[in-house]
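Participant: This is the structure I want to talk about, given as structure tokens.
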Amino acid sequence: KLNNYWQGRKLLITAGPTHEAIDPVRFIGNRSSGKMGFAIAEAAAKAGAQVTLIAGPVSLKSSPDIERVDVRSAEQMFAAVKEHYQQQDCFIGAAAVADYRVKEAANEKIKKQDGVDELTLELVKNPDIIQWVAAQKDKPFVVGFAAETNNLIGYAKDKLARKNLDMICANLVGESLGFEAQDNQLTFITNNKVEENPLSDKQDQALALLAFIAGNN
Ligand code: C5P
């Protein structure tokens, strides 16, 4: 099914959540487990690709033939991607990057204060990593993810166009699907194709994604 397409190709992939520090012991994050991105990285490495995996804070192991860079925040993930995006054949942004970070994280643990019943955190927008990759002259084939709770295909197509991606994988989140779950159901979308994949585990979705890229690139 995969033929030899991935043999010797270079794949850069982001996976997992990002954690945006509030103070040394607290953060803003999301419920991404990293399982989907790690499944793609493992499947691609097995298919002979040279894989670089930029991982947010997750508790997952990766095989030794994958070059892994561990990061915490969106800014760190962005720096790692900038360092590695050149000479890649494909970039897959499977990370659930936080859209905003705390403007100024405190250097010391924020204390609970008597009589202070409300605190305000000021947030600023994080860089859009995949959009940056897709805007480079020497860009690889760029694949994004769109995790949505509603209007899945509509929002995904919007994102494909707005971020100038080559392809987007739409997946519904919520209930037993998507974040934290074992199973997933991806719909592969390019400028001229929409292909819905049946529900299966993330390893199987990963193989289907790699096969789709092999056939459409
Ligand atoms: O806009 P949204 O965050 O839903 O887009 C999801 C896609 O964009 C995913 O592929 C995700 O990895 C990527 N993304 C990114 N940098 C951000 C936000 C999202 O690379 N700051």
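The values are calculated or read from the model by the stated rules, or taken from the named source; none is laboratory data. Worth saying up front: this structure is predicted, and the values here are computed from it rather than measured. With ideal geometry, Cβ positions are generated from the backbone for all residues, glycine too; neighbour counts draw on all protein chains shown.
Participant: So which residues in the stretch 58-85 are crowded, with 16+ Cβ neighbours inside 10 Å, under 15 Å from Phe38 (Cβ atoms) and basic (Lys, Arg), if there are any at all?
Facilitator: Scanning the stretch 58-85 gives a single hit, Arg68.
Participant: Being within 12 Å of the ligand (Cβ to nearest atom), more than 14 Å from the chain's Cα centre (by Cα), within 16 Å of Thr187 (Cα to Cα) and crowded, with 16+ Cβ neighbours inside 10 Å: is that true of Ala156 here?
Facilitator: Considered against the rule, which asks whether it is within 12 Å of the ligand (Cβ to nearest atom), more than 14 Å from the chain's Cα centre (by Cα), within 16 Å of Thr187 (Cα to Cα) and crowded, with 16+ Cβ neighbours inside 10 Å, Ala156 comes out as yes.
Participant: Only one of Phe188, Phe145 is in contact (Cβ under 8 Å) with a residue 60 or more places away in the chain, within 16 Å of the chain's Cα centre (by Cα) and under 14 Å from Leu209 (Cα atoms); which?
Facilitator: Every option except Phe145 fails the conditions.
Participant: Within the stretch 133-144, does at least one residue satisfy the condition of being at pLDDT below 95, assigned to a strand (DSSP E or B) and buried (at least 19 other Cβ atoms within 10 Å of the Cβ)?
Facilitator: For the stretch 133-144, residues at pLDDT below 95, assigned to a strand (DSSP E or B) and buried (at least 19 other Cβ atoms within 10 Å of the Cβ): absent.
Participant: Considering each of Leu160, Leu152 in turn, give the residue that is modelled with pLDDT under 95 and more than 19 Å from Gly34 (Cα to Cα).
Facilitator: Leu152
Participant: Just to check your reading of the model, which residue among Thr52, Thr14 is of a type in the set (Ser, Thr, Tyr) and buried (at least 23 other Cβ atoms within 10 Å of the Cβ)?
Facilitator: After ruling out the rest, the residue left standing is Thr14.
Participant: Within the stretch 133-149, can you find the residues that are near the ligand (Cβ under 8 Å from one of its atoms) and within 21 Å of Tyr100 (Cβ to Cβ)?
Facilitator: If the condition is that a residue be near the ligand (Cβ under 8 Å from one of its atoms) and within 21 Å of Tyr100 (Cβ to Cβ), then Val133, Gly144, Phe145, Ala146, Ala147, Glu148 are the ones that fit.
Participant: With the requirement that a residue be in contact (Cβ under 8 Å) with a residue 40 or more places away in the chain and either more than 14 Å from Leu11 (Cα to Cα) or surrounded by 19 or more Cβ atoms within 10 Å (Cβ to Cβ) (or both), what does the stretch 86-101 give you?
Facilitator: Answer for the stretch 86-101, where residues must be in contact (Cβ under 8 Å) with a residue 40 or more places away in the chain and either more than 14 Å from Leu11 (Cα to Cα) or surrounded by 19 or more Cβ atoms within 10 Å (Cβ to Cβ) (or both): Gln88, Cys90, Phe91, Ile92, Gly93, Ala94, Ala95, Ala96, Val97, Ala98, Tyr100, Arg101.
Participant: If you don't mind, there's one more thing I want to ask. I need a count of the residues in the stretch 74-102 that are within 11 Å of the ligand (Cβ to nearest atom), over 13 Å from Glu42 (Cβ atoms) and either of a type in the set (S, T, N, Q) or outside any strand (DSSP E or B) (or both).
Facilitator: Residues flagged as within 11 Å of the ligand (Cβ to nearest atom), over 13 Å from Glu42 (Cβ atoms) and either of a type in the set (S, T, N, Q) or outside any strand (DSSP E or B) (or both) within the stretch 74-102 amount to 9.
Participant: Going residue by residue through the stretch 28-44, is there one that turns out to be at pLDDT 95 or above, surrounded by fewer than 14 Cβ atoms within 10 Å (Cβ to Cβ) and assigned to a loop (DSSP other than H, G, I, E, B)?
Facilitator: Checking the stretch 28-44: not a single residue is at pLDDT 95 or above, surrounded by fewer than 14 Cβ atoms within 10 Å (Cβ to Cβ) and assigned to a loop (DSSP other than H, G, I, E, B).
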